[in-house]
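The values are calculated or read from the model by the stated rules, or taken from the named source; none is laboratory data. All of these numbers come straight from a predicted model, not from anything done at the bench. Glycine also receives a Cβ, built like all others from the backbone with ideal geometry; neighbour counts cover every protein chain displayed.
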Amino acid sequence: MADLPAHYATSFTPTTHAKIPANIDPAKTTLPHPFVVVVTGAGKGLGWHTSLAYAKAGCSGLSISSRTLGDLYDLDKEILTINHKCQVMKTLCDVQSEQSVAQLKKQVKQKWGRCDVVIANAGINIKVH
């Protein structure tokens, strides 16, 4: 490993791993069928990678949402490359809006009639006065 600055926290743990251990590798997980996952804030970062992990684990339905629909098109393509049997639903959803969240719930219920996991990843900006 290259010499990294101290603020990278590499000195906290003497052992670092470059591979996913088999016991937590989503590609080695078998989910029941059907299995539907809802991920908010899926357009970037953790939401993006969590969505891919569930696709690798074999979920049958994956609802990906973001405040920006354009962020979800590339993710949709990547999910289907990993798991071509997965039904993907892309939705605009602003989690600061009760109406938007209620609409997402309605769409998931209409499409699959169930939801097994919700990853509430979307952040909320709060103004402090």
Residue selected from the range 90-120 under the condition touching a helix residue (DSSP H, G or I) at 6+ places or on another chain (Cβ under 9 Å) and basic (K, R), by the criterion farthest from G47 (Cα to Cα):
R114
Among the residues in the range 50-73, are any among the small types (G, A, S) and more than 15 Å from the chain's Cα centre (by Cα)?
yes
Taking G58 as the residue in question, decide whether it is in contact with a Leu (Cβ under 8 Å, 6 or more places away or on another chain) and within 30 Å of K28 (Cα to Cα).
yes
Checked pairs for the range 16-41, first of a type in the set (F, W, Y), second assigned to a loop (DSSP other than H, G, I, E, B), C-beta under 8 Å and 6 or more apart or across chains, list as F35/G58; F35/C59; F35/S60; F35/D116
What are the residues in the range 27-52 that are out of contact with any strand residue (DSSP E or B) (no Cβ under 9 Å at 6 or more places or on another chain) and of a type in the set (G, A, S), if any?
A27, G45
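Let's see how each residue does on (1) of a type in the set (G, A, S); (2) at pLDDT below 95:
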{"site": "L31", "(1), (2)": "no, yes"}
{"site": "S60", "(1), (2)": "yes, no"}
{"site": "L69", "(1), (2)": "no, yes"}
{"site": "M89", "(1), (2)": "no, no"}
{"site": "S97", "(1), (2)": "yes, yes"}
{"site": "V117", "(1), (2)": "no, no"}
{"site": "I124", "(1), (2)": "no, yes"}
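Scan the range 18-39 and give yes if some residue there is part of a helix (DSSP H, G or I), under 13 Å from the mean Cα position of the chain (by Cα) and not aromatic (F, W, Y), otherwise no.
Of all residues in the range 18-39, those part of a helix (DSSP H, G or I) come to 22-24, 26-28.
Okay, now just the ones that are also under 13 Å from the mean Cα position of the chain (by Cα), so 26.
Adding the requirement that they be not aromatic (F, W, Y) leaves 26.
Checked the range 18-39: at least one residue is part of a helix (DSSP H, G or I), under 13 Å from the mean Cα position of the chain (by Cα) and not aromatic (F, W, Y).
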In the set L80, L75, the lone residue that is farther than 13 Å from V38 by Cβ, at pLDDT 95 or above and crowded, with 18+ Cβ neighbours inside 10 Å is L75
Looking only at the range 40-57, count how many residues are within 17 Å of M89 (Cβ to Cβ) and in a loop (DSSP other than H, G, I, E, B).
3
Name the residues in the range 12-39 that are in contact with a Phe, Trp or Tyr (Cβ under 8 Å, 6 or more places away or on another chain) and crowded, with 21+ Cβ neighbours inside 10 Å, would you?
V36, V37, V39
Just checking, which of A42, A53, A6 is exposed (fewer than 10 other Cβ atoms within 10 Å of the Cβ) and of a type in the set (G, A, S)?
A6
If I filter the range 102-121 down to residues being in contact with a strand residue (DSSP E or B) (Cβ under 6 Å, 6 or more places away or on another chain) and not in a helix (DSSP H, G or I), which single residue comes out as surrounded by the most Cβ atoms within 10 Å (Cβ to Cβ)?
N121
Does S60 fit the bill of being hydroxyl-bearing (S, T, Y) and either surrounded by 15 or more Cβ atoms within 10 Å (Cβ to Cβ) or in contact (Cβ under 8 Å) with a residue 12 or more places away in the chain (or both)?
yes
